[in-house]
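See structure below.
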Amino acid sequence: MHGYSRLGNAGATGRAVTTTPTPSPPSSPRLRHSRSSGKSNSSPGGMVLYMGSLNFDVNLKNGGVVVRKRAPPGTVYRSPKVFDKLWPYMEAESNGSHNALMKAWDPKLHQAWKPSGISNYSDAELPESNGFLIIEANGGLNQQRLSICDAVAVAGLLNATLVIPFFHLNSVWRDSSKFGEIFDEDFFIHALKNNVKVVRELPSDVLEQFDNNISSIVNLRVKAWSSPTYYLQKVLPKLRHMRAVRIAPFSNRLAHAVPPNIQGLRCLANFEALRFSESIRTLAEQMVDRMIKNSSQSGGKYVSVHLRFETDMVAFSCCEYDGGEEEKREMDIARESAWRGKFRRRGRVIRPGANRVDGKCPLTPLEVGMMLRGMGFDNTTSVYVAAGNIYKAEKYMAPLKQMFPRLETKDTLATTEELVPFKGHSSRLAALDYTVCLHSEVFVTTQGGNFPHFLMGHRRYLYGGHAKTINPDKRKLALLFDKPSIRWEVFKRQMQNMLRHSDVKGSELRKPSASLYTFPMPDCMCKQTEARQQDSRTGYWLHHYSQMQSGTFVENSTLKTVKILLAHWGCHKNVGE
């Protein structure tokens, strides 16, 4: 959750500032407004003196002094003016002269990680189930994904049989797809068979117990982020007593911090067991192939951007752009339609300028394009845009296409006929976007949410622990886009520093309060250097482990010790209990 803006009012110093080059902005402005460049500019009526950090412009006009209060940073959407100033310099650096796509990531900064052995080494049958767990996954594609993976972990914790999750018909997403229409149901069941039993539906005898009506099964109200202890103490007894329990909705119902074997089930479910249905995979793979072919000038590499500039996102942010009274009227209507009075509550104050400087405004397509061009991605770069219906797309997408002529979306990359089965199903369309973004050389996130968080984690899992993701500092960008007089060299240096920062942060380890779906190391991955050193030891103990299971050794304490060694040395987290 974003915090409130802590911006204070800039104080006056009472002193004019002499002309200096445009300085670098602060990296994360929270407690102060932007420092002005102090650069003097001539105008037909006289000279304008920018008063440093003051909120005033002083004009010397016709022998007199005219003082005007200047709008605080972020209050006015000035990005189009910045673009007009910088566009000639972007054009001069076009046509493949130097494309950052070829060396966006520094291999020296990355530690090589590999997926852990997260499958169970034992083919022994699972113990007798304590009952059936029924959950309802709510939200969009990746919130559903989170619910499914957490349900697998809870089923393993309780030794329950998981019923294929139901999907709640979300009022925003309005997608009536069932589990098997988005994910490969058979593969899901098979991939989990050694760890968690999964069935497509309740057995008839259990269903009869509840008058053949699943809604008659008690719905347990589990608090968000509940601990494993809570499930064992509160849910397990009811599961054993009633043979089946229901938890709906189930989103965010399991704490981030759980024992390694439960985390291992999350890893297995998310990165191995969940794959898209065949119809989605077939078209998504064709779209990836087309992006690679379109990117032949850059060795098949392309950039993907998750662009959050839909009407509801702009409305919810309470940010203002350059649409004037018409935009304000449209946003008021959108807010009232979706959130019914939430933004008109008594005492609520909306400060669009403070929101922008605090990094809460969705980046426009224009701003994303300028950022990428400043980072060194030239006009030969193939760009895939993953998005819903962009607000006033014809107006706002035009400058992005101007900067990146090789721009694609699912509507341009796939034919109308190919997309027919997906229209009206937002989760299936999101799955296409997800796949194309997953395989891009560079992924750009612009507004947060489950989609980029899951993608960053999945990309870390696939690409040796590095997310290959540009995660911009939107507070810093807000100040840069507020400077129409900024020089190209200064802007470019700031963007390249931002790219390097994203590179360094790409291999972050999970903190205790963070999600492994975004940070899979070290829960789901281990360092390759460690793995190579452990190969001989792991192989030795795996040999003895198999002997113990077959009856060569029978001492339980020895068996337990070997399991611990295997988990510690070889990153094999789910060897068994």
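Details
- First in the stretch 176-190 and modelled with pLDDT of 95 or more, second anywhere and of a type in the set (Val, Ile, Thr), Cβ under 6 Å, 6 or more apart: 179/164; 189/198
- Conditions (1) under 14 Å from the mean Cα position of the chain (by Cα); (2) of a type in the set (Lys, Arg); (3) more than 21 Å from residue 368 (Cβ to Cβ): number failed by residue 459: (3)
- Tally, over the stretch 473-496, of residues that are surrounded by fewer than 17 Cβ atoms within 10 Å (Cβ to Cβ) and among the charged types (D, E, K, R): 3
- Residue in the stretch 331-347 that is open to solvent by 20 Å² or more (accessible area, probe 1.4 Å), within 30 Å of residue 406 (Cα to Cα) and either over 24 Å from the mean Cα position of the chain (by Cα) or touching a residue at least 24 places away in the same chain (Cβ under 8 Å) (or both) present: no
Yes or no, residue by residue, for (1) open to solvent by 50 Å² or more (accessible area, probe 1.4 Å); (2) under 30 Å from residue 104 (Cβ atoms):
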position: 237; (1), (2): yes, no
position: 241; (1), (2): yes, no
position: 254; (1), (2): no, no
position: 274; (1), (2): no, yes
position: 296; (1), (2): yes, yes
position: 302; (1), (2): no, yes
position: 326; (1), (2): yes, no
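- Number of the exception - residue 315 against (1) under 21 Å from residue 451 (Cβ atoms); (2) in contact (Cβ under 8 Å) with a residue 40 or more places away in the chain: (2)
- Checked against the criterion of being in a loop (DSSP other than H, G, I, E, B), over 23 Å from residue 98 (Cα atoms), in contact with a Ser or Thr (Cβ under 8 Å, 6 or more places away or on another chain) and modelled with pLDDT of 95 or more, the stretch 468-481 has at least one qualifying residue.
- Test: residue in the stretch 399-410 that is over 21 Å from the mean Cα position of the chain (by Cα), modelled with pLDDT of 95 or more and of a type in the set (Ser, Thr, Tyr): no
- Among residues of the stretch 139-193 being assigned to a loop (DSSP other than H, G, I, E, B), in contact with a Ser or Thr (Cβ under 8 Å, 6 or more places away or on another chain) and more than 16 Å from residue 252 (Cα to Cα), the one that is most open to solvent (accessible area, probe 1.4 Å) is 174.
- Only a single criterion out of (1) in contact with a helix residue (DSSP H, G or I) (Cβ under 6 Å, 6 or more places away or on another chain); (2) in a helix (DSSP H, G or I); (3) closer than 30 Å to residue 460 by Cα is not satisfied by residue 343, namely (3).
- Pair list, Cβ < 7 Å and 6+ apart or interchain, from the stretch 87-116 residues that are modelled with pLDDT of 90 or more to residues that are open to solvent by 50 Å² or more (accessible area, probe 1.4 Å) and in a loop (DSSP other than H, G, I, E, B): 101/301
- Any chance residue 421 is part of a loop (DSSP other than H, G, I, E, B) and open to solvent by 10 Å² or more (accessible area, probe 1.4 Å): no
- The helices (runs of 4 or more DSSP H) falling completely within the stretch 227-311 that include 3 or more residues that are under 22 Å from residue 445 (Cα atoms) map to 278-294.
- Residues (buried (at least 16 other Cβ atoms within 10 Å of the Cβ) and free of Cβ contacts under 8 Å to residues at least 40 places away in the same chain) located in the stretch 376-401: 397, 400
- The listed residue being in contact (Cβ under 8 Å) with a residue 12 or more places away in the chain, touching a Leu at 6+ places or on another chain (Cβ under 8 Å) and among the basic types (Lys, Arg), out of 266, 240: 266
- Number of the exception - residue 368 against (1) touching a Phe, Trp or Tyr at 6+ places or on another chain (Cβ under 8 Å); (2) open to solvent by less than 20 Å² (accessible area, probe 1.4 Å): (1)
The values are calculated or read from the model by the stated rules, or taken from the named source; none is laboratory data. Quick caveat: nothing in here was measured; it's all calculated off a predicted structure. Neighbour counts are summed over all protein chains in view; Cβ atoms, including those assigned to glycine, are modelled from backbone coordinates with ideal geometry. In case anyone asks, the SASA skips ligands and DNA or RNA and just uses the protein heavy atoms, side chains included. Shrake-Rupley method; radii C 1.70, N 1.55, O 1.52, S 1.80 Å.
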